[in-house]
Amino acid sequence: MALTRLKEDLILYLGALAESASQQPDVDSKGRVYLDLARHHRAYAICLLLEDADIDGFFHGLIQSALTWRYFLERGGAANASYRRASLNDAFLDAVAAAQWPLARGLASLSAQTWTQGEEYADDFAYARFLHLLIALPQPEPAALERLLAQFEGALEGGTDARLDVAKALFVRDSEAFERAFRELLDAHAARMKRIADPWRDSALARDYTFKPNRYVLVEGLALLHIAESLGLKVAPEYRFCPDLARRRDYAPFEPLGFPGVTLAQG
């Protein structure tokens, strides 16, 4: 599907989701719609970046995604353990990728601080919670971060994960180790996207509106680069899936893009 057509479809779908979000009768059904709304704001933002080089539109879309999810959590969603799980982390990463640190910290504070067993994998929890603490103010004791790294490593049961190596490099502020691990993470992303896109697999994920945008721009990678730079690590000027335009921070002040109509200053 061409990006122009995809953008048009996303605009219509976002409108339908926004209307549905305001009408759902209970938290469980609201959560599914709000999550979908946030995910598709990111996808539309990436389309604006890739097709139009619209820097403001890209970052504003990421912020809208993060604000949409915060709005839901602050209005009852956080009472549901499934929606509070730390590994439900896309909105947090959107906020970090847009260098909106207070928004990211707010989302982290609304997320569970312990593993939600039965709702998420232990390694996914440890990784997400590690990032939450890494940008926290005031900074936690190093022991808290070390425990999460140990939990992550233990959950892998001898396996490997580029995310763990990235986290370890961030913890010790090692630029060379981060560079190696980050490029491995990008390779893993490329391989996963290629598997999903394989027509012989006929994956439902490949037909999702969010697949193509997320295939070509890795918001998680953008967020990790911002975190690395904030910690004083040296990073390369160019990486695949992390285009230069998406690493800038000089975008126009944010204005709400629609429902729920909240600003960065509002809860």
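The values are calculated or read from the model by the stated rules, or taken from the named source; none is laboratory data. From a predicted model like this one, the values you see are computed outputs, not experimental measurements. Every residue, glycine among them, receives a Cβ derived from its backbone with ideal geometry; neighbour counts consider all protein chains shown.
Using beta carbons and a limit of 7 Å, which pairs, at least six apart or on different chains, have the first residue in the stretch 13-28 and more than 17 Å from Arg75 (Cα to Cα) and the second one acidic (Asp, Glu) and surrounded by 17 or more Cβ atoms within 10 Å (Cβ to Cβ)?
Close Cβ pairs (under 7 Å, with a partner that is acidic (Asp, Glu) and surrounded by 17 or more Cβ atoms within 10 Å (Cβ to Cβ)) amount to Leu17/Asp36.
Can you pull out every residue in the stretch 228-264 that is assigned to a helix (DSSP H, G or I), in contact (Cβ under 8 Å) with a residue 12 or more places away in the chain and over 17 Å from His189 (Cβ atoms)?
Ser230, Leu245
Is it the case that the stretch 164-187 has a residue that's at pLDDT 95 or above, assigned to a loop (DSSP other than H, G, I, E, B) and in contact with a helix residue (DSSP H, G or I) (Cβ under 7 Å, 6 or more places away or on another chain)? Working first, answer last.
Of all residues in the stretch 164-187, those at pLDDT 95 or above come to 164-187.
Subsequent filtering for residues that are assigned to a loop (DSSP other than H, G, I, E, B) retains 173-174.
Next, from what is left, pick out any that are in contact with a helix residue (DSSP H, G or I) (Cβ under 7 Å, 6 or more places away or on another chain): none.
For the stretch 164-187, residues at pLDDT 95 or above, assigned to a loop (DSSP other than H, G, I, E, B) and in contact with a helix residue (DSSP H, G or I) (Cβ under 7 Å, 6 or more places away or on another chain): absent.
Would you check which residues across the stretch 67-88 are small (Gly, Ala, Ser) and either touching a strand residue (DSSP E or B) at 6+ places or on another chain (Cβ under 9 Å) or over 15 Å from Gln113 (Cβ atoms) (or both) and list them?
Gly76, Gly77, Ala79, Ser82, Ala86, Ser87
Check the stretch 216-225 and report whether any residue there is free of Cβ contacts under 8 Å to residues at least 40 places away in the same chain, under 30 Å from Ile55 (Cβ atoms) and over 20 Å from the mean Cα position of the chain (by Cα). Reasoning before the result, please.
Of all residues in the stretch 216-225, those free of Cβ contacts under 8 Å to residues at least 40 places away in the same chain come to 218, 221.
When the remaining residues are screened for being under 30 Å from Ile55 (Cβ atoms), the result is 218, 221.
Still in the list and also over 20 Å from the mean Cα position of the chain (by Cα): none.
Checked against the condition, which is being free of Cβ contacts under 8 Å to residues at least 40 places away in the same chain, under 30 Å from Ile55 (Cβ atoms) and over 20 Å from the mean Cα position of the chain (by Cα), the stretch 216-225 yields no hits at all.
Answer yes if at least one residue in the stretch 206-216 is modelled with pLDDT under 95, out of contact with any Lys or Arg (no Cβ under 7 Å at 6 or more places or on another chain), surrounded by 14 or more Cβ atoms within 10 Å (Cβ to Cβ) and part of a helix (DSSP H, G or I), and no otherwise.
yes
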